[in-house]
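Enquirer: Sharing a structure, written as structure tokens. Questions coming.
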Amino acid sequence: MTAQPAPARRITRQREAVRDALAASDEFVSAQSLHQSLRAEGSSVGLATVYRALAALAEDGEADALQSGGEVLYRACTPSHHHHLICRRCGRTVELEAAAVERWAGQVAAEHGFVEPEHVVDIFGLCAECAARR
């Protein structure tokens, strides 16, 4: 079965506001905190709209999403496949490519008869600044 391209989404003022607010942050953020930032700037965008816009951005490859502590966090991302190093304390995030991970994922999939493997790798730790403050 071949994946069908997603239908083009209507670009709205609210979605653009969410996209811009997400791009202004260099760490993963929750929908609630992004909504609070937008409201503090005078935006009237609703929380449900923020959730929908973030989900659409993630689905379209414009945002990364990760599960953390029972909620989904989002971050604007580059469109190419990549992985993350994420500081558990401050949330600082570094995008990285990892050829060894790609080879490993392909090898493991092939060993088990799988094709077209997809994967997500997020590595959590403490950044150098947070480690130095401990």
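Enquirer: Looking only at segment 39-63, which residues have a backbone nitrogen under 17 Å from a spot 7 Å from the Cα of Ala24 in the C-beta direction?
Expert: 39-47, 50-51, 54
Enquirer: Computed from the mean reciprocal separation of all distinct C-alpha pairs, what Kirkwood hydrodynamic radius does segment 1-132 have, in Å?
Expert: 16.6 Å
Enquirer: Which residues make up the longest stretch of the chain that has no GluC sites (Glu not before Pro) in a DSSP loop with at most 12 other Cβ atoms within 10 Å?
Expert: Between exposed loop sites, the widest span is 42-96.
Enquirer: For Tyr74, Tyr51, what ranking results if the residue with the fewest other Cβ atoms within 10 Å of its Cβ goes first?
Expert: Tyr51, Tyr74
Enquirer: Here is a further query. Work out from phi, with θ = phi - 60° and the Karplus expression 6.51 cos²θ - 1.76 cosθ + 1.60, the ³J(HN,Hα) of each residue of segment 30-45, listed in order in whole Hz, and give x for Gly and Pro.
Expert: Running phi through 6.51 cos²θ - 1.76 cosθ + 1.60 with θ = phi - 60° gives 7, 4, 5, 5, 5, 4, 4, 4, 5, 5, 5, 8, x, 6, 9, 4 Hz.
Enquirer: Right, next: Take the Cβ-Cβ distance between Ser37 and Asp60 as r, set R0 to 22 Å, and report the resulting FRET efficiency rounded to the nearest 0.05.
Expert: 0.55
Enquirer: If you take the charge dipole of the chain about its Cα centre, with +1 on Lys and Arg Cβ and -1 on Asp and Glu Cβ, which of Ala63, Ala48, Ala128 is farthest toward its positive end?
Expert: Ala48
Bear in mind that the values in this text are calculations on the coordinates, not laboratory data. Because the structure is a prediction, the values reported are computed rather than measured. With ideal geometry, Cβ positions are generated from the backbone for all residues, glycine too; neighbour counts draw on all protein chains shown.
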